[in-house]
Every structure is written in structure tokens, then in C-alpha cells.
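In what follows, a single structure is set out as C-alpha cells and then discussed.
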Amino acid sequence: MKYLMMIQGTQADYAAMGGDASEGSPAWTQEDVRAMFAHMTALNKDLTESGEMIDGQGLAEPARTRFVTLGADGEPVVADGPYAETEEVLAGYWLLDCASLDRVTEIAARVAQCPQPAGAKEYPVVIRPVMDGGEDL
């Protein structure tokens, strides 16, 4: 079964990883950033070696987001982000092929253990099964 496992973040979290603290997002040191990347690199290596990793990527900061909708006239409306009403956004993902929901939950627990500075907000790791087709609705 394929699963999409996702982590969330905010623009303030990305700024904090660059050393710019704000309320609820303490500044990260270079050592904090290195520890996070070491944790994620080890996880990705293990998932690749086990054959469970299909794809996984970290995403650029929300400030580099673009939203495309249709206007009343049916023409595309393009707007750049982020927006206050969309505080938490997708920060990264893994597309995994795991034997069971229990197995992907074990992996999500490992993601949740990623080191971060004291006081940083903890977000849930989101797991969504990937549908094989419309009959999965």
C-alpha cells in the first residue's frame, strides 16, 4: 500500500531555521539545522535501503508559494503567498510503499523524533493512504 506522509510548518518556522526568531518559533543554530538534516538523511537512507521510499522532498518556504484559482470570468487568477489564513502549510513529504498502516505509523513516529530547538512548535506527522483509483472512494 502506498502512503503519503507529510510534515507541516509556517513561514515563521522557516525564518527561525534561518536564525530569525519569533513568538513560538525560536531561532535555530547551525548545529540545530545540521542535527535536523542528519536525522532526516538517516531516515531517508533507511527507507531507501528497505525499499519503502518512492519519493520524499522538503518544500521551499511558504513565501515562495503561488496560488492559482479561477476568477468569475473563468480566467486564471494568480496570487503569491503566504496568507494569514493559511498559516500552516505542507513543509515536506514522503511517498512510501509500506506493508501496513502500522509500519508507516512507526516511520511517522521516527519523523516526529526529529531534533529541534527547545520551545519550537511540534506539528503532527500526517499519514494519508494513496488511492489506487476512483473505486477507492
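The values are calculated or read from the model by the stated rules, or taken from the named source; none is laboratory data. Keep in mind it's a predicted model, so treat the numbers as computed, not measured. Methodologically, a virtual Cβ is constructed for each residue, glycine included, from the backbone with ideal geometry; neighbour enumeration extends over all protein chains shown. Side chains included, ligands, DNA and RNA excluded: accessible areas come from the protein's heavy atoms. Shrake-Rupley method; radii C 1.70, N 1.55, O 1.52, S 1.80 Å.
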### Message
Please determine whether any residue of segment 41-50 is open to solvent by 80 Å² or more (accessible area, probe 1.4 Å), more than 26 Å from residue 11 (Cβ to Cβ) and either polar (S, T, N, Q) or not in a helix (DSSP H, G or I) (or both).
### Response
yes
### Query
When only residues in segment 51-70 that are assigned to a strand (DSSP E or B), without any contact (Cβ under 8 Å) to a residue 12 or more places away in the chain and aliphatic (A, V, I, L, M) count, which is farthest from residue 87 (Cα to Cα)?
70
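Taking only segment 89-113 into account, find how many residues are aliphatic (A, V, I, L, M) and not in a helix (DSSP H, G or I). Before the answer, list the steps.
Step one: filter segment 89-113 for residues aliphatic (A, V, I, L, M), giving 89-91, 95-96, 99, 101, 104, 107-109, 111-112.
Pick out the ones that are also not in a helix (DSSP H, G or I) and you get 89-91, 95-96, 99.
Qualifying residue count for the region: 6.
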### Message
Looking at (1) part of a loop (DSSP other than H, G, I, E, B); (2) of a type outside the set (A, V, I, L, M); (3) under 23 Å from residue 31 (Cα atoms); (4) open to solvent by less than 60 Å² (accessible area, probe 1.4 Å), which one does residue 116 not meet, given that it meets all the others?
### Response
(4)
### Message
Being touching a residue at least 12 places away in the same chain (Cβ under 8 Å) and either open to solvent by less than 50 Å² (accessible area, probe 1.4 Å) or not aliphatic (A, V, I, L, M) (or both): is that true of residue 20 here?
### Response
no
### Residues satisfying the stated conditions in segment 71-88, i.e. exposed (fewer than 10 other Cβ atoms within 10 Å of the Cβ) and in a loop (DSSP other than H, G, I, E, B)
71, 72, 73, 74, 75
